Amino acid sequence: MEDRKRDSNKEKLRSMALILNRADALVIGAGAGLSASAGFTYDGPRFTDNFSEFIERYGMTDMYSAGFYPFKTPEEKWAYWSRHIYVNRYDMEAGRAYKDLFQLVNDRNYFVITTNVDHQFQLAGFDDDRIFATQGDYGLFQCKRACHKRLYENENQVREMVKHQKNCRIPSSLVPKCPVCGGEMEVNLRADGFFVEDESWHRAARRYEAFLNENMEKSIVFLELGVGMNTPGIIKYPFWKMTKGMSRAFYICINRGEAWAPGEIEDRSICVDGDIGELLNQLLLYESRL
Ligand SMILES: [Zn+2]
């Protein structure tokens, strides 16, 4: 069974390499599965090594659910969150899956849309002007009540909070405050109706639209990587719809466990089930032989 799956994946990867090679335009849609496959999991040693005192105090089990923990004071909240941001945004390099992907598309006409907030595409070398990160970025703060639509880079603040925390608390003087209303700050992640979309977010949205409009008549490939069913309305469903609507479009889906396409676009789809990082690495090899 495993052998047969490997052989059929080989066939699919070969076809994929050909299709990518002939494409005029490439739209990459990336979800949490890509970062997980690049090694940035929210549980296991990455969690237990970095959060032992939080695990002991709050009974946390992983960084995903810990992100929803109802901390009683801002000092406790920011002790956790500064470390969460530090681990997932500043104390890391580009993962191999992202680097391989960059090598694969670097000299092509590409655009990235992603729900990931970890800045990995930029770290791997992708052009910031060709990335639309729809759900925010760990590296940015906003006013919690969105009293004004500006985002603030948080690296220095985060490093200070990580450095000066003790017993799962930061000093009160380090609690981030909105420079306009004086209220609480929040990480720029889409979690409620107060998510701030600033001018650069809107610019990225317009560039994405423009890229689709420019290339809709051409041979365009939608490459979907690790997009699950949490927010399928941002990448997955639009990719299916556009593949159906654009006569020369092709849909590629690489995912572990959830690689499939609807019947209507089946003849213009390739779906591969497996580890995204491994598959991208193999794809790179096939591509280099063309
Ligand atoms: Zn404010």
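Among the listed residues Asn230, Asn167, identify the single one that is under 23 Å from Asn88 (Cα atoms), surrounded by fewer than 14 Cβ atoms within 10 Å (Cβ to Cβ) and either modelled with pLDDT of 95 or more or outside the structural domain of Leu101 (by TED's automatic domain parsing) (or both).
After ruling out the rest, the residue left standing is Asn167.
Identify the single condition in (1) buried (at least 17 other Cβ atoms within 10 Å of the Cβ); (2) within 23 Å of Val162 (Cβ to Cβ); (3) touching a residue at least 12 places away in the same chain (Cβ under 8 Å); (4) out of contact with any Leu (no Cβ under 7 Å at 6 or more places or on another chain) that Tyr90 does not satisfy, given that it satisfies every other one.
(1) is the only condition that Tyr90 fails.
Restricted to the range 184-243, and to residues that are basic (Lys, Arg) and outside any helix (DSSP H, G or I), which residue is farthest from Phe111 (Cα to Cα)? If you could, list the steps in order and put the result at the bottom.
Restricting attention to the range 184-243, the residues satisfying the condition of being basic (Lys, Arg) are 190, 203, 206-207, 218, 236, 241.
Within this subset, residues satisfying the condition of being outside any helix (DSSP H, G or I) are 190, 218.
Values: Arg190: 21, Lys218: 15 Å.
Checked the range 184-243; the qualifying residue farthest from Phe111 (Cα to Cα) is Arg190.
Among the numbered criteria (1) of a type outside the set (Gly, Ala, Ser); (2) open to solvent by 30 Å² or more (accessible area, probe 1.4 Å); (3) over 30 Å from Met161 (Cα atoms), which single criterion is violated by Leu20?
The one condition Leu20 does not meet is (2).
Any residue in the range 143-171 that's on the phi > 0 side of the Ramachandran plot: show its pairings with residues that are among the charged types (D, E, K, R) and crowded, with 17+ Cβ neighbours inside 10 Å at Cβ separation under 9 Å, as long as the two are six or more apart or on different chains.
Pairs found: Ala146/Glu186; Cys168/Glu75; Cys168/Glu76.
Which of the residues spanning the range 195-228 are among the hydrophobic types (A, V, I, L, M, F, W, C) and within 14 Å of Thr114 (Cα to Cα)? So that I can check it myself, show each step before the final result.
Within the range 195-228, the subset among the hydrophobic types (A, V, I, L, M, F, W, C) is 195-196, 201, 204-205, 210-212, 216, 220-223, 225, 227.
Residues satisfying the conditions are Trp201, Ala204, Ala205, Phe222, Leu223, Leu225, Val227.
Among the residues of the range 263-286, count how many are in contact (Cβ under 8 Å) with a residue 60 or more places away in the chain and more than 21 Å from the chain's Cα centre (by Cα).
Counting residues in the range 263-286 that are in contact (Cβ under 8 Å) with a residue 60 or more places away in the chain and more than 21 Å from the chain's Cα centre (by Cα) gives 3.
Might you check whether a residue that is away from the ligand (no atom under 16 Å from the Cβ), touching a residue at least 24 places away in the same chain (Cβ under 8 Å), open to solvent by 10 Å² or more (accessible area, probe 1.4 Å) and closer than 28 Å to Pro70 by Cα occurs anywhere in the range 186-196? It would help to see each step written out before you state the result.
Within the range 186-196, the subset away from the ligand (no atom under 16 Å from the Cβ) is 189-191.
Still in the running and touching a residue at least 24 places away in the same chain (Cβ under 8 Å): 189-190.
With the extra rule that they be open to solvent by 10 Å² or more (accessible area, probe 1.4 Å), the set shrinks to 189-190.
From what is left, the residues that are closer than 28 Å to Pro70 by Cα are 189-190.
Yes, because at least one residue in the range 186-196 is away from the ligand (no atom under 16 Å from the Cβ), touching a residue at least 24 places away in the same chain (Cβ under 8 Å), open to solvent by 10 Å² or more (accessible area, probe 1.4 Å) and closer than 28 Å to Pro70 by Cα.
Just a yes or no: is a residue in the range 139-155 under 30 Å from Leu18 (Cα atoms) and not small (Gly, Ala, Ser)? Give the steps one after another, and end with the answer.
We begin by selecting, within the range 139-155, every residue under 30 Å from Leu18 (Cα atoms); these are none.
The answer is no; no qualifying residue exists.
Can you name every residue in the range 127-186 that is among the basic types (Lys, Arg) and out of contact with any Gly (no Cβ under 8 Å at 6 or more places or on another chain)? Reasoning before the result, please.
Step one: of the range 127-186, the residues among the basic types (Lys, Arg) are 130, 144-145, 149-150, 159, 163, 166, 169, 177.
The answer is Arg130, Lys149, Arg150, Arg159, Lys163, Lys166, Arg169.
Of the residues in the range 133-157, how many are surrounded by fewer than 18 Cβ atoms within 10 Å (Cβ to Cβ), part of a strand (DSSP E or B) and away from the ligand (no atom under 16 Å from the Cβ)?
1
For the range 251-290, how many residues are in a loop (DSSP other than H, G, I, E, B) and either outside the structural domain of Lys99 (by TED's automatic domain parsing) or over 15 Å from Asn9 (Cβ atoms) (or both)?
Step one: list which residues in the range 251-290 are in a loop (DSSP other than H, G, I, E, B), which gives 256-262, 274-275, 289-290.
Those left that are additionally either outside the structural domain of Lys99 (by TED's automatic domain parsing) or over 15 Å from Asn9 (Cβ atoms) (or both): 258, 261-262, 289-290.
Qualifying residue count for the region: 5.
The values are calculated or read from the model by the stated rules, or taken from the named source; none is laboratory data. This is a predicted model, so every value here is computed, not measured. Virtual Cβ from ideal backbone geometry, glycine too; neighbours counted across all protein chains shown. The accessibility values were calculated without ligands, DNA or RNA, using every heavy atom of the protein model including side chains. Shrake-Rupley method; radii C 1.70, N 1.55, O 1.52, S 1.80 Å.
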